[in-house]
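**Q** Take this structure, written in structure tokens, and hold onto it; I'll ask about it next.
What follows is calculated from the coordinates using simple rules that are stated; it is not laboratory data. Remember, predicted model here, so these are calculated numbers, not experimental data. Please note: Cβ atoms are built from the backbone with ideal geometry, for glycine as well, and neighbour counts cover all protein chains shown.
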Amino acid sequence: MLLTGCASLKSSDEPPLAELLAGRMSVQVAATDTSAARSLSASFELSGTADRGRLDLSTPIGSTVARARWEPDSVVLDTPQGQTRHLSLADMTRAVVGEELPVPALFDWLRGRPWPGAESTFAAASDPAGFRQLGWTVDLSRFDEARILARRDSPPVVTVQVKLDKP
């Protein structure tokens, strides 16, 4: 009884605690008739939730090259060039990578499951290890090795490869 009197409740406006997801990420955008191929490779730390979170991108030696923070009404990107504000995570990834990346879905995809915020279908019988969602094919065939591959085939083709750090 005395112990419960000392306990404090978490404020309802605090973001829920979430496991930190970290590793290496590579994003490749294929060339089109009007644009050259682009790629980005970095270490990353993803924390929070799809509604309120943070994504840090770092060089191999650990220098932070970008930090994105978001809440329901705000997306802020800090880089060595300064701070920019964006209307949404989709707008921010378009500005950085040149294409929209499904950052809210990554929280679930990196845990090997579809994001509950959109419909998904399981992969074809010939490739049962994965699913399709938001126009992306998520390949989980190497999930036991902490590797995830997501590919959007609509032009331009975008491939995201992730190697998660093991806990």
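**Q** In the stretch 68-88, which residues are surrounded by 14 or more Cβ atoms within 10 Å (Cβ to Cβ) and among the aliphatic types (A, V, I, L, M)?
**A** Of everything in the stretch 68-88, those that are surrounded by 14 or more Cβ atoms within 10 Å (Cβ to Cβ) and among the aliphatic types (A, V, I, L, M) turn out to be Ala68, Val75, Val76, Leu77.
**Q** Follow-up. Restricting to strands (runs of 3 or more DSSP E) lying wholly in the stretch 58-167: which have 2 or more residues that are without any contact (Cβ under 8 Å) to a residue 40 or more places away in the chain and over 21 Å from Ser43 (Cα atoms)?
**A** Working: elements: 64-71, 74-79, 82-86, 120-122, 130-133, 136-139, 147-152, 158-164.
Strands (runs of 3 or more DSSP E) meeting the threshold: 82-86, 120-122, 130-133, 136-139.
**Q** Could you tell me which residue of the stretch 89-104 is nearest to Leu55 (Cα to Cα), considering only residues that are among the small types (Gly, Ala, Ser) and surrounded by 14 or more Cβ atoms within 10 Å (Cβ to Cβ)? First the steps, then the outcome.
**A** So the first thing to find is which residues in the stretch 89-104 are among the small types (Gly, Ala, Ser), and the list is 90, 95, 98.
Among the residues that remain, those that are also surrounded by 14 or more Cβ atoms within 10 Å (Cβ to Cβ) are: 90, 98.
Working: Ala90: 14, Gly98: 17 Å.
Of everything passing the filter in the stretch 89-104, Ala90 is nearest to Leu55 (Cα to Cα).
**Q** Of the residues that make up the stretch 17-29, is at least one over 24 Å from Arg152 (Cβ atoms), assigned to a loop (DSSP other than H, G, I, E, B) and in contact (Cβ under 8 Å) with a residue 60 or more places away in the chain? Talk me through it step by step, then tell me what you get.
**A** Taking the stretch 17-29 first, the residues over 24 Å from Arg152 (Cβ atoms) are 17-20.
Of the ones still in play, those that are also assigned to a loop (DSSP other than H, G, I, E, B) are 17-20.
Filter once more, so that each one left must be in contact (Cβ under 8 Å) with a residue 60 or more places away in the chain: 18.
Yes, there is a match, as at least one residue in the stretch 17-29 is over 24 Å from Arg152 (Cβ atoms), assigned to a loop (DSSP other than H, G, I, E, B) and in contact (Cβ under 8 Å) with a residue 60 or more places away in the chain.
**Q** With Gly53, Gly48 as the choices, which residue is crowded, with 17+ Cβ neighbours inside 10 Å and on the phi > 0 side of the Ramachandran plot?
**A** Numbers: Gly53 fails: on the phi > 0 side of the Ramachandran plot.
Going through Gly53, Gly48 in turn, just one is crowded, with 17+ Cβ neighbours inside 10 Å and on the phi > 0 side of the Ramachandran plot: Gly48.
**Q** Out of everything in the stretch 132-167 that is out of contact with any strand residue (DSSP E or B) (no Cβ under 6 Å at 6 or more places or on another chain) and buried (at least 16 other Cβ atoms within 10 Å of the Cβ), what residue ends up being nearest to Ser35 (Cα to Cα)?
**A** Here the residue is Leu134.
**Q** Taking the condition of being touching a strand residue (DSSP E or B) at 6+ places or on another chain (Cβ under 9 Å) and either among the polar types (S, T, N, Q) or surrounded by fewer than 15 Cβ atoms within 10 Å (Cβ to Cβ) (or both), how many residues in the stretch 25-35 meet it?
**A** So the first thing to find is which residues in the stretch 25-35 are touching a strand residue (DSSP E or B) at 6+ places or on another chain (Cβ under 9 Å), and the list is 25-31, 35.
Now narrow it down to the ones that are either among the polar types (S, T, N, Q) or surrounded by fewer than 15 Cβ atoms within 10 Å (Cβ to Cβ) (or both): 26, 28, 31, 35.
So the count comes out to 4.
**Q** OK, next. Identify all residues within the stretch 36-57 that are part of a loop (DSSP other than H, G, I, E, B) and hydroxyl-bearing (Ser, Thr, Tyr); write none if there are none. Let's see the steps before the verdict.
**A** Residues of the stretch 36-57 part of a loop (DSSP other than H, G, I, E, B): 36-37, 49-52.
The one that is part of a loop (DSSP other than H, G, I, E, B) and hydroxyl-bearing (Ser, Thr, Tyr): Thr49.
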